[in-house]
Amino acid sequence: MKTLAAAPSLFVRLGAPISVIVAAIVALILVACALLASWIAPYDPTDLASFELINAELPPAFTADGDPQFLLGTDNQGRDLLSAMLYGARVSIAIGGGAVLLAATIGVTLGLLAGYFGGKVDALIMRIADVILSFPTILLALLVSGIARAIFPGAATAEWAPVILICAIAIHEWVQYARTVRAATMVETAKDYVRAAKVIGLPPWRIMLRHILPNVMSPVLVISTINLAAAVLTEATLSFLGVGMPPTYPSLGTLIRIGNEFVFSGIWWIALFPALALVILVLAVNIVGDWLRDRFNPKLRVKR
Amino acid sequence: MNVQSTPVLAIDSLRVEYPLANGSVFTAVENASLVIRPGEIHALVGESGAGKTTIGNTVMGLLEKPGRIAAGTIHIEGKRFDAARGSAEGIVLGRDVGAVFQDPMTSLNPLFTIESQLTEAMRFHLRLDKAAARARALELLESVGIPEPRRRLKAYPHQLSGGQRQRVVIAAALSCNPKLVVADEPTTALDVSVQAQILKLLRDLADSRGIGILLVTHNMGVVAQIADRVTIMHRGKVVETGTTEEVLRRPKAAYAKALIGAVPRTDRRLDRFPVLGDEGKGRAEQARAELRAKAERSDIPAEEAPILTVENLCVDYTTSGWLPGSKGHRFRAVDGVSFSVRSGEVFGLVGESGCGKTTIANVVSGLVRPTSGRVLYRGQSVAGEGATRRVGPLRQAIQMIFQDPYSSLNSRMRIGSILSEPILFYRLAGSRAEAESDVARLIEAVGLEAEAAERFPHAFSGGQRQRLSIARALGARPKLIVCDEPTSSLDVSVQAQILNLLKDLRDATGLTLLLISHDLAVVRQMCDRVAVMRQGQLLEQADSETLFDAPQHSYTKELLSLVPTLDRIRGETKAA
Amino acid sequence: MFKVLLSRLGQAALVMLVVSAVSFVMFRYVGDPVATMSRENASVEEKAELRRSLGLDQPLVVQYGRFLGRTLSGDLGISYRNQRPVTELIAERLPATLELVLVATILSLALGIPLGVLCALKPHGIAARLVQALSLIGISTPTFVTGIVLILVFAVSLGWLPSFGRGQVVDLGWWSTGFLTISGLKSLLLPGITLALYQLTLIMRLVRAEMIDVLSSDYIRFAKARGLPTRYIHFRLALRNALMPVITVTGLQIGSLIAFAIVTETVFQWPGMGLLFIQAVSFVDIPVMAAYLLFVGLLFVLINTVVDILYAVVDPRLRARSA
């Protein structure tokens, strides 16, 4: 938590405009709320005993027919929407974060190897990357989910769905990491300090880890923020389409899917609030990520 | 020459400032004045940061914000330059003032033909129609010496060579008959032979068309060859000005004297380069003595046999074909080169870009594998036939320093870590503490303070970084150091210091140096023996004095004649 | 030029091979077709018979070969869900998706490029800042949320446009088009905008980034030094250079659009291939999934190859080698 709290001052020191600082704070608050969901949610939406159908489809507390027990209303099962959203946000962020972590690990490693060694290693990795890149994220993710469901009957359950979703999203995301790191590695490998390290006689793994990796990390961090936003969106889309998190443990996307059925009959809150939360979260992360990318882009620096 | 006395360019007490974010002001140019008459080439010389480029940009009206003219005046053809508008009344940039930039590769738009880029300005400024513009473009191409101009019009920039591209750039600058041309380092990116041609072209144009040229450059040799007048700048101030002969032969200001003195000469070999400023001699000498002591302890007795022998070395580069697995073109970078280097000498490999000298450096230092032939270190094969993997003492013995001081140190590591890496890797120190003190000695031996170990590379200037690179190379206790263009990216005065340092280190520790350079003057000053290369082949090798005073091969003679030096100054009358 | 063509075709063939292999593996190994297709309490002999008749007892390579053969002759199997030939299903749905994608592509290019140029040329102006703020919201909003919001506003509240379906379509031989009727065009509008929005934002940002990059290049500086008028430099020179990567990206984008059509078609109940696919995934209708994969893979590969060749034609550096 301390690092989370320290982050805003870091942005100020880096010279971020107000909008970015606000966005960073908003993002941090949302992430904190989501992580602390178990503690701050009024109800536990995953506990089947805690909600009853009789409470279904109640409007938010601040409207005419609202029940003060349920701040943002209830869904079709009688679950408190606010609690469901908090847990849902947690799931969305966890899956998004997990996918980014997995993709980054695979991508950075392969990118380093491809960029440093070149030749056949590079050609192989890039060929695979090209084939994967021919397909959009959604498609690959859908395929992986679909195949997983066909092979494992338990794939659709709450235990396995997150794992499968993480893999499904990461299978496309790693390519971008690999390409960026490969390009940066190739630039660094051509630089004289790497040649110097080779002449000194240091072994390749040591050069890659000790010398090159620290110098290629900054684009990785920048991509990660933007990728996190994209991963959360992808998970939401998959859940909306029905192949993501199930209704028993819904993510924000699943909630919107449920709400979509009711939108035409005037029950607007089930879809609206989760949608708002999703957009605000992703927007905040994107604002920060955008600014990071512009800030660390060497070409945009003022020329003397 | 016409009698018109209005100067093409008159700068009077110019002051250019950049307001900074924190409220203070950076003065790029202070109180600069110069005058250019029609048909005159005026060279504006200085090292990086001198302010010469700023003046060039200002005259062209391309001064980048937030820079502004704070004081003084500029008159172009007698018309006053309005700072607020960024141009002079009635003077149109592109029509009355032409510009030539440094890098012809990036000055031309890769997506448009030569014709379109040549005719653009004409059609706008002179309102010519397509046919008339094309006819003029043809004339221009001819006047700048491009063969087969009709074919070249339809071509794209990437289809021309570097020299041809720069000619096109000059043609474009001349397209609307300007009276003033601002040329910013027009030959720096070109090979020596091409440089000579472009310089001659500029001189001819000035003579035949009466154009005034403001030539911004850092190369004194270029100045000597074609400039009529020179202005030397240092940190924004004009230090000296006058005719080329006056300034180069009889400089008055201390900085000017030092600058001109630091330029390596091809006619005579000096013991050391005269330099400005204290080189921290005392401590450095002591540190070097310590280094020598350490080296001798682990040394074997000096031998007469050569320390390095290159035998019939061949290196081919193959570009991969279109489909995986197929072979592409084969390019022979090094073709049957043989030479040997004696222990303790400085051996120079010299040639123009693409001659293969860098490839040889890479093979000797173990970065590239040769296709055939071999390299022997003290009789043992280290590359090519019979070579085993270089480990331990063999690896240690040959180290390298590189051209670009800005990329040769890992910007994320402290100097102390960078320098201690080879020491720790080869276990040359008993303990970490000993390694640290070794690092301190190394830093002092190259003339810097031991506290440098705590800092990061970006805190140091180019020259200082190059010193630290040398310190790193020394850390592995090598016997031979390959120096790949170690001073090409440095200012002239800094170059002098680094070359002095290398000489001092060689004298103190008995190192052998293999010096790779394209700069004949540097090679003359530094090397005991020299080999000349062209297109992968070694054409001539001899003692330095012999090679420079009595070259045998026609190429060597040609190369020597093309180098712009201070020996032949334009307009100078030699004493009888 | 010829070499470029050859290498691109080689790459395309490689991708198709991989795609068909994955498709085949799905077809053959995912789930048990015999179990799915035979009755609940079929006997062992009946199942064995079925297996033989489907050729499932042959060696793997042979099965793959037969699969390829069948595919190339247009037989993609029978859908588990509605027992119709998959090829028929795809042919039925293809026009809907392609028309939608076409509309979305035109929209995103026609708006994205000018907006990107605007933001690059006047980065501190009010219009640019507004556009950039909106674009951030644009890429933060998932397609389905946009769709739902648009439906709520234009279909439910205002009642101007339909909220689902294609409207009236006209059959031109095998193709059915919605362009020729008013209701068809109206129906195309909301889904088209929804689909276009995300891609529009991406193109706008790309064009902006490229323009800024190009505007700081040496050759633009040299053009300024030649005194060429600013409008000429911006629109005739810089734009030309900046648009180069946009070509490649647009190609990728079309592929992306086809994929995102899945979401849009779900929201608007648009009877296209995307909706077909998502229904197949929910139902675990393997033949349809495999066929969709193959088909879409082929489309992507075709588009990318065309784009690569186009790029090579347009960039003089990749054209003829000698002067």
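Read-outs throughout are calculated quantities, based only on the coordinates presented, and are distinct from any laboratory measurement. All of these numbers come straight from a predicted model, not from anything done at the bench. A quick note on method: Cβ atoms are made from the backbone with ideal geometry, for glycine too, and the neighbour counts reach across all protein chains shown.
Some observations on this one:
- Centroid-to-centroid separation of the range B:1-68 and the range B:169-233 [C-alpha atoms, Å]: 17
- Neighbouring partner chain Cβ atoms per residue of A:125-138, average, 10 Å criterion: 5
- Cross-link partners of B:LYS179 among aspartates and glutamates (Cα-Cα below 20 Å; sequence separation of 8 or more within a chain): B:ASP12, B:GLU40, B:GLU77, B:ASP82, B:GLU89, B:ASP96, B:GLU120, B:GLU139, B:GLU142, B:ASP204, B:ASP207, B:ASP228
- What separates the Cα centres of the range A:155-199 and the range C:262-279 is a distance of 32 Å.
- Applying a DSSP loop filter and a limit of 16 other Cβ atoms within 10 Å to the trypsin sites (Lys or Arg not before Pro) in the range C:80-131 leaves C:ARG81.
- With both residues required to sit in the protein assembly as shown, DSSP beta bridges show an antiparallel share near 60%.
- Farthest toward the positive end of the dipole of chain C, out of C:VAL86, C:TRP175, C:SER217, is the Cα of C:SER217, where the dipole comes from beta carbon charges about the Cα centre.
- Cα long-axis angle, helix B:114-125 against chain B (0 to 90 degrees, to the nearest 10): 40
- Along the axis of the charge dipole computed for the range C:192-292 (Cβ charges of +1 for Lys and Arg, -1 for Asp and Glu, origin at the Cα centre), the listed residues C:PHE268, C:VAL284, C:VAL249 are led at the positive end by C:VAL249.
- Efficiency of FRET from Cβ geometry, A:LEU36 and A:PHE152, R₀ 35 Å, rounded to 0.05: 0.65
- In this calculation the C-beta distance from B:ALA550 to B:TYR406 is compared with R0 = 41 Å, giving a FRET efficiency of 0.55.
- Rounded to 10°, Cα long-axis angle of helix A:213-241 versus longest principal axis of chain A: 30
- D (Stokes-Einstein, µm²/s), Kirkwood Cα radius, the protein assembly as shown, 0.890 mPa s at 25 °C: 70
- Mean Cα-pair separation over length for the range C:122-216, i.e. relative contact order, pairs under 8 Å, 6 or more apart, %: 26
- When the charge dipole of the range B:186-249 is built from unit charges on Cβ atoms (+1 for Lys and Arg, -1 for Asp and Glu) and taken about the Cα centre, the candidate among B:GLN197, B:ILE213, B:VAL238 whose Cα reaches farthest toward its positive end is B:VAL238.
- Angle of helix C:182-215 to the longest C-alpha principal axis of chain C, folded into 0 to 90 degrees and rounded to 10: 50°.
- Theoretical ellipticity at 222 nm over chain C - DSSP helices of four or more residues, -39500 (n - 2.57) apiece, nearest 500: -24000 deg cm²/dmol
- Total charge dipole magnitude, chain A, about the Cα centre, Cβ charges on Lys, Arg, Asp, Glu only, Debye to nearest 20: 2220
- Per residue, the convex hull around the alpha carbon atoms of chain B comes to 192 Å³.
- For peptide C:224-235, the mean count of partner chain Cβ atoms within 10 Å of a residue's Cβ comes to 6.
- Centre separation in Å (Cα based) which lies between the range A:49-75 and the range C:59-115: 45
- Relative contact order, percent, the range C:258-323 [alpha-carbon distance under 8 Å, six or more residues apart]: 16
- Measuring against 28 Å, Cα to Cα, the residue pairs B:LYS65/B:LYS257; A:LYS198/B:LYS503; B:LYS154/C:LYS224 contain B:LYS65/B:LYS257 as the ones spanning a longer distance.
- Shielding by partners - mean other protein chain Cβ count within 10 Å, residues of C:141-154: 5
- Dividing the alpha-carbon radius of gyration of chain C by the rule-of-thumb value 2.2 N^0.38 Å gives 1.23.
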